[in-house]
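Please read the structure below before turning to the comments.
The values are calculated or read from the model by the stated rules, or taken from the named source; none is laboratory data. None of the values given here were measured: they were computed from a predicted structure. Note: ideal-geometry Cβ built from the backbone for every residue, glycine included; neighbour counts use all protein chains shown. Only protein heavy atoms, including side chains, enter the accessible area calculation; ligands, DNA and RNA are left aside. Shrake-Rupley method; radii C 1.70, N 1.55, O 1.52, S 1.80 Å.
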Amino acid sequence: MCLNVPDPLDSLIATLTSLLDARHAELLEPLFLGTLLAHGRRTATSWFRAGDFTEAFRRGYTLLGTLGRKYLDAFASILFGRLRQTIDPGRFWLFGIDDTPTQRYGPYVEGAGIHHNPTPGPTHQPYVYGHVWVTLDWIVRHPECHTLALPLQGDLYIRRVDLPKIDPDRRPEFHTKLESAVAQIHWLAERLCGTDKPIWVVVDGAYAKRPVLEAARRDGVVLIGRLAHNAALWDLPPVVPAGQRRRGRPRKYGTQRLSLAKRAGHAQGWQEVECFQYQKPVTKRVKTFLATWRPAGGVIGS
């Protein structure tokens, strides 16, 4: 493939190539460009075709396997480091973690299984057969393309019942989606160690669970998620003057149970905020308050 690659991209490819064995290094540039130029389904075959090395497709599969086993974390760190040099995060770092299913089928597709379909569509298909990826994305604002999610990491989630279908010599260990999210938050905190800006991670309600919340608190990350309508919220613990404190650890949780439905039904406390949703500005009515929640280990903002 003969292309005039922009200097920043050419420098990035040269840095990534320097990590590889000489037997695989020459294929990295066409593979990298093929992933950018490919159309249609995001498969390795389409990458090889766009990268113009279909005759060397077996070496291409070997390169992909090598990247996944040995160099994926190093590549992600280098790519994130380059992006940090060119993109201003603003007042805070904003990231998102969610799982994304992709339909996959065929006799040689490993790790695929039956998963819940988040977008049933008009056919109301409740399940989808394929892969599920737990992805970590950097959410940025582009002056022309508006809000973009730049993928930094993707961990393949394989159900425990599907693992025996993979040959033992390449069978991965079982990891839940929550464990993958915990590892991604820790990876992110290590890469941003020493930053003077807060780190925000937005997750779906399925990830607002104790393991992820504890990991975010340990790494100093602000986790933003969705509470269940029946979440067991409590008020703030009473403030005890210093001279009247008793022996033992101070209370972490309040004594009065809070109801989200009653809070939402009360007419007072609502305010309007300007948001950017689906590529256009909108006005939302919100109500905020502090509460304590045991899965979070203390005070949260709702």
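Per-structure values
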quantity	calculated
Complete set of residues in the stretch 257-302 that are in contact with a helix residue (DSSP H, G or I) (Cβ under 7 Å, 6 or more places away or on another chain) and among the small types (Gly, Ala, Ser)	Ala296, Gly297
Candidate set from the stretch 94-120 (those that are touching a helix residue (DSSP H, G or I) at 6+ places or on another chain (Cβ under 9 Å) and among the aliphatic types (A, V, I, L, M)); member that is most open to solvent (accessible area, probe 1.4 Å)	Ile114
Scope the stretch 70-88; condition under 23 Å from Gly51 (Cα atoms) and either out of contact with any helix residue (DSSP H, G or I) (no Cβ under 9 Å at 6 or more places or on another chain) or at pLDDT 90 or above (or both); matching residues	Lys70, Leu72
The stretch 182-222, residues that are of a type in the set (A, V, I, L, M), open to solvent by 40 Å² or more (accessible area, probe 1.4 Å) and not in a helix (DSSP H, G or I)	Val202, Val222
Failed condition for Arg91, given (1) of a type outside the set (Val, Ile, Thr); (2) surrounded by 16 or more Cβ atoms within 10 Å (Cβ to Cβ); (3) modelled with pLDDT of 90 or more	(2)
Where a residue in the stretch 243-260 is within 23 Å of Pro295 (Cβ to Cβ) and in contact (Cβ under 8 Å) with a residue 40 or more places away in the chain and its partner, wherever it lies, is outside any helix (DSSP H, G or I) and open to solvent by less than 100 Å² (accessible area, probe 1.4 Å), with Cβ under 6 Å and at least six apart	Lys252/Gly298; Tyr253/Trp234; Tyr253/Thr292
Which listed residue is touching a strand residue (DSSP E or B) at 6+ places or on another chain (Cβ under 6 Å), of a type in the set (D, E, K, R), more than 22 Å from Ala76 (Cβ to Cβ) and open to solvent by 70 Å² or more (accessible area, probe 1.4 Å), from Arg171, Arg159	Arg159
Ile199 touching a helix residue (DSSP H, G or I) at 6+ places or on another chain (Cβ under 6 Å) and either farther than 30 Å from Pro151 by Cβ or not basic (Lys, Arg) (or both)	no
Residue among Glu26, Glu55 that alone is assigned to a helix (DSSP H, G or I), acidic (Asp, Glu) and either touching a residue at least 40 places away in the same chain (Cβ under 8 Å) or surrounded by 14 or more Cβ atoms within 10 Å (Cβ to Cβ) (or both)	Glu26
Residues located in the stretch 258-287, provided they are in a loop (DSSP other than H, G, I, E, B) and not basic (Lys, Arg)	Ser259, His266, Ala267, Gln268, Gly269, Trp270, Tyr278, Gln279
Matching residues in the stretch 58-74 - criterion: being within 15 Å of Gly154 (Cβ to Cβ) and either open to solvent by less than 30 Å² (accessible area, probe 1.4 Å) or of a type in the set (Asp, Glu) (or both)	Leu67, Asp73
Residue that is modelled with the lowest pLDDT, among those in the stretch 125-178 that are touching a helix residue (DSSP H, G or I) at 6+ places or on another chain (Cβ under 7 Å) and not in a strand (DSSP E or B)	Arg171
Of all residues making up the stretch 75-88, the number that are in contact (Cβ under 8 Å) with a residue 24 or more places away in the chain, open to solvent by 50 Å² or more (accessible area, probe 1.4 Å) and more than 28 Å from Asp204 (Cβ to Cβ)	2
Test for Gly40: is it open to solvent by less than 30 Å² (accessible area, probe 1.4 Å) and over 18 Å from Leu72 (Cα atoms)	no
Subset tally (residues that are closer than 27 Å to Arg171 by Cα and aliphatic (A, V, I, L, M)) for the stretch 17-74	13
